[in-house]
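Shown next, in structure tokens, is the structure this report addresses.
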Amino acid sequence: MKNRIRATVVGLGLLAGMLAGAPAASAATCGDVLVVNTTLTSDLTCSGTALVIGAGGIALDLNGYTLTGDGTGSGVEQTGGFGGFTIRNGRIQNFEWGVNLNGTVGGATFATVEDLRIRNNADAGIRLEVVREVIVQRVRVSGNGTPANATGEGLDIIGGISNRVLDSVFFKNLQNGIRVNTAEETTIIGNTMRDNAVAGLDYADAADSLARGNRIVRNAVGVFFSNSSGHTAESNKIRANGTGVLVTNPPAGLSRLNGFTDNSIVRNNTGMVFEDPGTFDTSVVANRVNRNTGSGIVVIAGKVVIEDNRAARNGASGMELVGGTQEVNANTTVNNVDWGIFVGAGSATFGSGNFSDFNGTGNCNQPGLCFP
């Protein structure tokens, strides 16, 4: 009996301790600076910034409720250099920024933004500026930007390092689904970027990132590179965009050391376009570049290694190499409307072992490059 009484007392003591440590639901109001775990109990409609993260290591649980703004401020903001916090589980709409984490004052690290629906903000759905090791996961971000703004990003990553974007959807934003701008080592895995007015994924002055297993559909450009180097794009489905992959010629700088491997690049207007003369040491390996309205792979300038790709049933040529220097080996180009591989007079192209057949205009216009 004594043991049973003792066990009961201990059990009640543990339960009391757990209840004492559990955060109570907070009736937060507009403009609150949060310094403890907070769970909303109702929707909030605010002018300016709704809620501010004011301490590290806390959790803000929207609890399924909605933050609504008037086009100004942020739904949730952190500018004080705190880290280790979580923002989760609700809707944020009609602010300037839905979630705004700015690390220029001390940095925000190891934060998590998850399970949110963020829409119709005037600038960006989520803005991460000079933060590191922030995880954005399982969010749906749509309809951000206004014609008066020059931005309109679903997710805008400005500076910072080692941030991750996982299992999320970015759609119908006025500019880009995800913009990686001057940031390094960004990991983008398992996301969908669709129906954005400019690009699904935009790398601008960025470096050393990974995009894997994403679905990038019906954007003006699928994946856009400007003065961005060291990126790996692999196993993505890049479909029905204006241009599937575009490495553009910026006013200054160059894009180099990028790798494109095992991507499915299909039914775009043009599959892949390389037009930056500064592009070098870039590899295009084992991709399927099929059924694009125009040509599959177009190189206008730069130095690109093209190996073991399949370019089939494109509306123009499988490969159109009109400038720059290319090493072209072991590719298959079949059933394209124009050439299998067309090499222009301005291109220094070499290679061997390419199979090209059943193309409308011809298989290869450079002797020794292709068989049969």
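For every residue, the table says whether it meets (1) over 18 Å from TRP97 (Cα atoms); (2) outside any loop (DSSP other than H, G, I, E, B); (3) acidic (Asp, Glu); (4) out of contact with any Ser or Thr (no Cβ under 8 Å at 6 or more places or on another chain).
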{"site": "VAL33", "(1), (2), (3), (4)": "no, yes, no, yes"}
{"site": "THR41", "(1), (2), (3), (4)": "yes, no, no, no"}
{"site": "THR49", "(1), (2), (3), (4)": "no, no, no, no"}
{"site": "GLY56", "(1), (2), (3), (4)": "yes, no, no, yes"}
{"site": "THR72", "(1), (2), (3), (4)": "no, no, no, no"}
{"site": "GLU77", "(1), (2), (3), (4)": "no, yes, yes, no"}
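I need the full set of residues from segment 254-309 which are outside any strand (DSSP E or B) and among the small types (Gly, Ala, Ser), in order please.
Listed by number, the residues that qualify are SER255, GLY278, ALA286, GLY294, SER295, GLY296, ALA301, GLY302.
Out of SER347, SER352, SER317, SER356, report the one residue that is within 18 Å of VAL247 (Cβ to Cβ) and polar (S, T, N, Q).
Selected residue: SER347, the only one of SER347, SER352, SER317, SER356 that is within 18 Å of VAL247 (Cβ to Cβ) and polar (S, T, N, Q).
Restricting segment 302-352 to residues that are among the charged types (D, E, K, R) and within 32 Å of the chain's Cα centre (by Cα), which is farthest from GLU275 (Cα to Cα)?
Applying the filter and picking the extreme gives ARG313.
Looking at segment 289-303, which of its residues are of a type in the set (Val, Ile, Thr) and crowded, with 20+ Cβ neighbours inside 10 Å?
If the condition is that a residue be of a type in the set (Val, Ile, Thr) and crowded, with 20+ Cβ neighbours inside 10 Å, then VAL289, ILE297, VAL298, VAL299, ILE300 are the ones that fit.
Restricting attention to segment 218-238, report how many residues are surrounded by fewer than 21 Cβ atoms within 10 Å (Cβ to Cβ) and under 21 Å from VAL289 (Cα atoms).
Of the residues in segment 218-238, 6 are surrounded by fewer than 21 Cβ atoms within 10 Å (Cβ to Cβ) and under 21 Å from VAL289 (Cα atoms).
Which of the residues belonging to segment 270-288 are under 24 Å from the mean Cα position of the chain (by Cα) and surrounded by fewer than 23 Cβ atoms within 10 Å (Cβ to Cβ)?
Once the filter is applied, which keeps residues that are under 24 Å from the mean Cα position of the chain (by Cα) and surrounded by fewer than 23 Cβ atoms within 10 Å (Cβ to Cβ), segment 270-288 yields VAL273, GLU275, GLY278, PHE280, ASP281, SER283, VAL285, ALA286, ARG288.
Quick one: count up the residues across segment 132-173 that are surrounded by fewer than 20 Cβ atoms within 10 Å (Cβ to Cβ), within 17 Å of ILE87 (Cα to Cα) and of a type outside the set (A, V, I, L, M).
Residues that pass the stated criteria total 6.
Only one residue in VAL165, VAL180 is in contact with a Leu (Cβ under 7 Å, 6 or more places away or on another chain) and either among the hydroxyl-bearing types (Ser, Thr, Tyr) or not in a loop (DSSP other than H, G, I, E, B) (or both), so which one is that?
Exactly one residue qualifies, and that residue is VAL165.
Out of (1) buried (at least 24 other Cβ atoms within 10 Å of the Cβ); (2) in a loop (DSSP other than H, G, I, E, B), what's the single condition that is false for LEU128?
Looking at each condition in turn, LEU128 falls short on (2).
Which members of segment 211-230 meet the condition of being outside any loop (DSSP other than H, G, I, E, B) and among the hydrophobic types (A, V, I, L, M, F, W, C)?
Once the filter is applied, which keeps residues that are outside any loop (DSSP other than H, G, I, E, B) and among the hydrophobic types (A, V, I, L, M, F, W, C), segment 211-230 yields ALA211, ILE216, VAL217, VAL221, VAL223, PHE224, PHE225.
Each reported figure results from applying straightforward, stated rules to the coordinates on display, with no laboratory input. Remember, it's a predicted structure, so these values are computed and weren't measured experimentally. As a convention, Cβ positions derive from the backbone with ideal geometry for all residues, glycine included, and neighbour counts pool all protein chains shown.
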